[in-house]
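The values are calculated or read from the model by the stated rules, or taken from the named source; none is laboratory data. Everything quoted here is computed from the prediction, not taken from an experiment. Positions of Cβ are generated from backbone atoms using ideal geometry, with glycine treated the same way; all protein chains shown enter the neighbour counts.
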Amino acid sequence: MSGAVTFDEVTVAWKKTVALDRVSLAAPAGAFTALVGPNGSGKSTLLKTLYGVARPRSGTVSLDGTPLHKLSTTERARRIGVLAQDSPALSGYTAWEMIALGRTARLGPFARLSPRDHQAINQAIETAGCRPYVGRPLGTLSGGQRQRVLFARALAGEPDILLLDEPTNHLDPRHQLDLLDYAARCGKTVIAALHTLDLAAAYADHIHVLEAGRLAATGPPATTLTPQILRQVFTVDATVINDPATGRTRLLIGTHSAVQRPGNP
Amino acid sequence: MTAGHPDAGRPAPVAPPRGPAAPLHGGLWRRVPLPVLLAAGLLVLAVSAVLAIGVGAVAIPPGEVAGALWRAATGAPQHGPDDFIVVQLRLPRVIEAMTVGAGLAGAGTIVQAIVRNPIADPYVLGLSSGASLGAVTVITTLGIGFAGSLTLPLAAFAGAAGTGILVFLLARTRAGLAAGPLVMTGVAAGSLLSGVTSFLLLRGSADAAQDVMFWLLGSLSGAQWRLAAISGTLTGASLAVLLLRGHRLNILALGDESAAALGMRPGLARAGFFALAALLTGAAVSVAGAIGFIGLVMPNLARMLVGADSRRVIPFGALIGAVILLWADTAARTVLAPSEVPIGILTAFIGVPIFIAAVRTQPGALP
């Protein structure tokens, strides 16, 4: 299986602001790896170094042992599909046209879509559940529908690595669960930055906890999303429960310091 | 993610799926195949050209015009003075009008994509101010005939190209050209160059000021075969390159993060497209002066009619730009004949009603 990602002592800085400070971590091939951490802890930057927007000042990012900077931009885009946080310009594209752009790195010089490309696009549309509004311009869609279009665009390129930056943004609960369920079962290497810690606990195989550009904890949910670590990194109180139905860790956040109301001891 | 969705059971359309039969929110002719659109556009352009050539001090019926063009194309002997009027006097001007209209529309499509703003046009990047300064410098110092009939076009082209290089050097960063610095530098450079132009105008003679004013508002009265051939070739070649790169323009319009994610180097690509926009703008303003409106409106009009895909907007926008500028120029040389009206005034008179009508009927197609 291919798609293993490793960070070896990677530092990323914008001028004098250090976004990632000598971070070493691994995202195993075919597994769902979640990045959690407070705002500004370096989750998005870590993803951006993988799709070429941020460049490490030092250290090496590798894909199956090959340093990322040795791959061409096209080769990189073929292997890595991205659902980024930036909302694309309301350019007048229809949802279908936007999803089809996900095939870019696999097209020839004239960018004509083959039947094989159409097949991949259709598959992505079905997986992301965009079929009902695929002919509409993006500007007429809701935030959640647009998010699913961008998810479909990331899938359309048939990458073996999926980078998801806050993928559940704007999504209703049904579609949040569907998206994470797909990410956990699709067999691709998935690296997702998540704010919903409980969903990270419920779906991810591995968790990397980032704090101010450094790795604070790494491992399976049961050892990384502990009350002590959550208190230290997020300054929140949390109760950890073991879901008897799935055997997985679940979290109740903020339970100790929640406002006590009269009659609700 | 289809589980539980109320629309999950809807049948999927067969490839190529432009979407199910949902209501169309934008792009009146979005579903019309590009070859059909282009064939129709070329037909309208050809008919417009024949009709426009027939209009003038000596009216020539369309049949005669077509005959004269046919004889010129096949090398058959010419039939009297009408052939001379058609081929030597009016045809170069019509070709220049079509070239300038198509070129400005193409340049506008590029600029709107690379700065991600639908109200940008080639002039936002300072290119026309540079061309104006080049032309005005020559008019007020050396004189219009300094280097023969190509003096003014050459000066204007040099001004546009020089400004393009200057803006590029000032706006570039380590990763190439970013949209924000590009548009800010372009606007600033344009203001500075306009200031210099005004200064030269104030210092120059009244005659020179008259020449300059006419040039600034745009005119094709200096049309000649040599110029038509040069600008036509330059514009045609640039548009062909642009058309082949249309897919990349689509991606650049999404923003730099998306472009990088899809396998492009946005800073580098933007620099290449900027060079192409400078070439197209330089070729257009050097023959016709600073004609406004076409570069701003034609790409938007094209998007409203054929959808947002640059591979459709580029050729279709160029065609409607060519048709509208052709009719604007025909009006420019006839409404107050024998004097000429600056064409920039007429592009607005002809284009604005069409544009407003499109905005009112196709609001969903606007970005």
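Observations, loosely collected:
- Yes/no for B:LEU276 being within 11 Å of the chain's Cα centre (by Cα), of a type in the set (A, V, I, L, M, F, W, C) and within 18 Å of B:PRO122 (Cβ to Cβ): no
- Members of region A:167-201 found to be under 19 Å from A:ALA4 (Cβ atoms) and over 13 Å from the mean Cα position of the chain (by Cα), listed by number: A:ARG185, A:CYS186, A:GLY187
- Filtered residues of region B:25-44 (kept if assigned to a loop (DSSP other than H, G, I, E, B) and either modelled with pLDDT of 75 or more or closer than 30 Å to B:LEU326 by Cβ (or both)): B:GLY26, B:GLY27, B:LEU28, B:TRP29, B:ARG30, B:ARG31, B:VAL32, B:PRO33
- When region A:123-132 is filtered for residues that are facing chain B (nearest Cβ under 7 Å), in a helix (DSSP H, G or I) and either acidic (Asp, Glu) or in contact with a helix residue (DSSP H, G or I) (Cβ under 8 Å, 6 or more places away or on another chain) (or both), the ones remaining, listed by number, are A:GLU126, A:THR127, A:ALA128, A:ARG131.
- Screening A:ALA100, A:ALA111, A:ALA120, A:ALA77 for residues that are of a type in the set (A, V, I, L, M), in a helix (DSSP H, G or I) and at the interface with chain B (Cβ under 7 Å from one of its Cβ atoms) leaves exactly one candidate, A:ALA77.
- Within region A:62-74, considering residues that are assigned to a loop (DSSP other than H, G, I, E, B) and touching a residue at least 12 places away in the same chain (Cβ under 8 Å), the one nearest to the chain's Cα centre (by Cα): A:ASP64
Yes/no matrix, rows are residues, columns are (1) under 15 Å from B:ALA179 (Cα atoms); (2) away from chain A (no Cβ under 14 Å); (3) not aromatic (Phe, Trp, Tyr):
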| site | (1), (2), (3) |
| --- | --- |
| B:LEU252 | yes, no, yes |
| B:GLY263 | no, no, yes |
| B:PHE274 | yes, yes, no |
| B:THR281 | no, yes, yes |
| B:VAL285 | no, yes, yes |
| B:ALA290 | no, yes, yes |
| B:ALA308 | no, no, yes |
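- Listed by first and then second residue, the pairs linking a residue in region A:37-61 that is away from chain B (no Cβ under 14 Å) and in contact (Cβ under 8 Å) with a residue 60 or more places away in the chain to a residue that is crowded, with 22+ Cβ neighbours inside 10 Å and assigned to a loop (DSSP other than H, G, I, E, B), with Cβ atoms under 8 Å apart and 6 or more places separating them unless they lie on different chains, are A:LYS43/A:GLY37.
- Only residues that are modelled with pLDDT under 85 and in a strand (DSSP E or B) were counted across region A:205-262, and they come to 1.
- Selection of region B:183-216 for residues being buried (at least 18 other Cβ atoms within 10 Å of the Cβ) and under 20 Å from the mean Cα position of the chain (by Cα) yields B:VAL183, B:GLY186, B:GLY190, B:TRP215, B:LEU216.
- Annotation: A:GLN85 fulfils all but one of (1) more than 7 Å from every other protein chain (Cβ to nearest Cβ); (2) not in a loop (DSSP other than H, G, I, E, B); the unmet one is (2).
- Restricting region B:251-265 to residues that are within 18 Å of A:THR45 (Cα to Cα) and in a helix (DSSP H, G or I) leaves a set whose member that is farthest from the chain's Cα centre (by Cα) is B:ALA261.
- Selected residue (only one of A:ASP64, A:ASP117 is farther than 30 Å from A:THR140 by Cβ and either charged (D, E, K, R) or surrounded by 22 or more Cβ atoms within 10 Å (Cβ to Cβ) (or both)): A:ASP64
- Qualifying residues in region B:218-250 (those that are over 18 Å from the mean Cα position of the chain (by Cα) and within 13 Å of chain A (Cβ to nearest Cβ)) - the one surrounded by the fewest Cβ atoms within 10 Å (Cβ to Cβ): B:HIS247
- Residues in region A:137-181 that are assigned to a loop (DSSP other than H, G, I, E, B), polar (S, T, N, Q) and either within 8 Å of chain B (Cβ to nearest Cβ) or in contact (Cβ under 8 Å) with a residue 60 or more places away in the chain (or both): A:ASN169 alone.
- Criterion applied to A:LEU20, A:LEU46 was being of a type in the set (A, V, I, L, M, F, W, C), within 26 Å of A:CYS186 (Cβ to Cβ) and surrounded by 23 or more Cβ atoms within 10 Å (Cβ to Cβ), and the one residue passing it is A:LEU46.
- Selection from region A:147-166 of residues that are more than 14 Å from A:GLN85 (Cβ to Cβ) and within 12 Å of the chain's Cα centre (by Cα): A:ILE161, A:LEU162
- Subset of region A:120-135 (residues that are within 30 Å of B:LEU305 (Cβ to Cβ) and either aromatic (Phe, Trp, Tyr) or buried (at least 23 other Cβ atoms within 10 Å of the Cβ) (or both)): A:ILE121, A:ALA124, A:ILE125, A:ALA128, A:CYS130, A:ARG131, A:TYR133, A:VAL134
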